[in-house]
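These notes are about the structure you will find just below.
Just so it is clear, none of the values below were taken in a lab; they were calculated from the coordinates. Quantities reported herein were computed from a predicted structural model and do not represent experimental measurements. Quick reminder, even Gly has a Cβ in these numbers, built from the backbone with ideal geometry, and neighbours come from all protein chains shown.
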Amino acid sequence: MGYIRKVDDELISKLEKFHGALVPGLVIGAYMVELAYEKLGDAQMIDAVVESRKCIADSVQLMTSCTLGNGWLKVYDWGIFAITLYDKKSKKGVRVYLDINKIPKESITYKWFFREVDKESHEEVNRELLILKKSIFSYEYVQVGIKKKERPSVILCTKCGYPFLSDGSNECMSCREGATYYTKVS
C-alpha cells in the first residue's frame, strides 16, 4: 500500500472499515497525516511516531506504509494527540499535534476532547471535524533521535521451550512475568 496524502470520502470510508467504526480520533489522525505530508515535502521513505495508542495510530497505518508490524511505526503511549512523520535517512521530520487553543471552546469537538459529551456524540463531532479540518493543529519541525535497535537473537526458553527473541535472558518474558492473559484448558 502506498501513501495516501489527502483526506477525502474514500479515505474516510477506508478508515471506518479498517478501524471498525468512524470515531473522531481517526478523523483527527487523518488530518494530522495530511498536514504532516504537506510540511514534510518530498521525503520518499518515512517512519512515523504516534504519541497515543488510541485511534490516530490506525490513521497513520492506513495512510502511510508505516505499521506496527514492519516496525516503521513507533507508539509512545503518552496520551497526547500528536504524530511525527520523518525521513528514514536524515531523521528530519514534522511533528503535528492537536492544539487545544485552536479548537473553539463552544464546539462539540472541544467538549468531546475533554470528555464532556458521551460516545453517542461521535457522529456530530466527526461532522464538525470535517469542517475544522487541519485548522485545529499546530506543527513543528523536528530532528528525530530514535536509534535503530540491533536485531535480537532467537533462542529457546529454558523453562517452556518456546523460541523467543532474546533480551539477554534465557527465559522468555511470558515465563518470567507469568502468562496472565490465558489459562490452559483441557
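Simple spin-label estimate for F114 and V75 gives 2.8 nm between the two label positions (7 Å along the Cα-to-Cβ direction from each Cα). Dividing the helix sum by the residues of the chain, where each DSSP H run of 4 or more adds -39500 (n - 2.57), gives a mean residue ellipticity at 222 nm of -9000 deg cm²/dmol.
Of all lysines in the structure, the ones whose alpha carbon falls short of 17 Å from that of K159, not counting any fewer than 8 places away in one chain, are K184. Binning the alpha carbon pair distances of the chain at 10 angstrom intervals from zero yields the distribution 9, 31, 27, 19, 12, 2, expressed in whole percent. Relative to the Cα centre, the charge distribution of the chain, modelled as +1 at Lys and Arg Cβ and -1 at Asp and Glu Cβ, gives a dipole magnitude of about 700 debye.
Distances between placed amide hydrogens fall under 5 Å for V142 paired with G93, V94, R95, all partners being 5 or more residues away or on another chain. Using θ = phi - 60° in the Karplus curve 6.51 cos²θ - 1.76 cosθ + 1.60, the 3J(HN,Hα) couplings for segment 91-102 round to 6, 8, x, 9, 9, 10, 9, 5, 9, 4, 6, 9 Hz; x is entered for Gly and Pro. With 22 Å as the limit, the listed pairs K39/K74; K54/K74; K88/K133; K91/K149; K14/K92; K92/K149 have K88/K133; K14/K92 beyond it between alpha carbons. In sequence order, segment 143-156 has phi-based couplings of 10, 7, x, 6, 9, 5, 7, 5, 6, x, 7, 9, 10, 8 Hz under the Karplus curve 6.51 cos²θ - 1.76 cosθ + 1.60, θ = phi - 60°, and Gly or Pro positions carry x. Under a 5 Å amide H cut-off, with hydrogens placed 1.01 Å from N, F81 pairs with L98 among residues at least 5 apart or on other chains.
For the modelled label position 7 Å from the Cα of L165 along Cα-to-Cβ, which residues of segment 63-81 have backbone nitrogen atoms closer than 14 Å? Of the residues in segment 63-81, 67-75 have backbone N under 14 Å from the label point off L165. Would you mind getting me the FRET efficiency between I100 and S186? Use the beta-carbon distance for r and R0 = 45 Å, nearest 0.05. It comes to 0.25.
Placing unit charges on each Cβ (+1 for Lys and Arg, -1 for Asp and Glu) gives the chain a dipole about its Cα centre, and among G168, M63, W78 the Cα reaching farthest toward its positive end belongs to G168. Of L132, S121, Y97, which is farthest on the positive side of the dipole of segment 1-156, counting Cα position, with +1 on Lys and Arg Cβ, -1 on Asp and Glu Cβ, and the Cα centre as origin? Positive-end residue among those listed: Y97.
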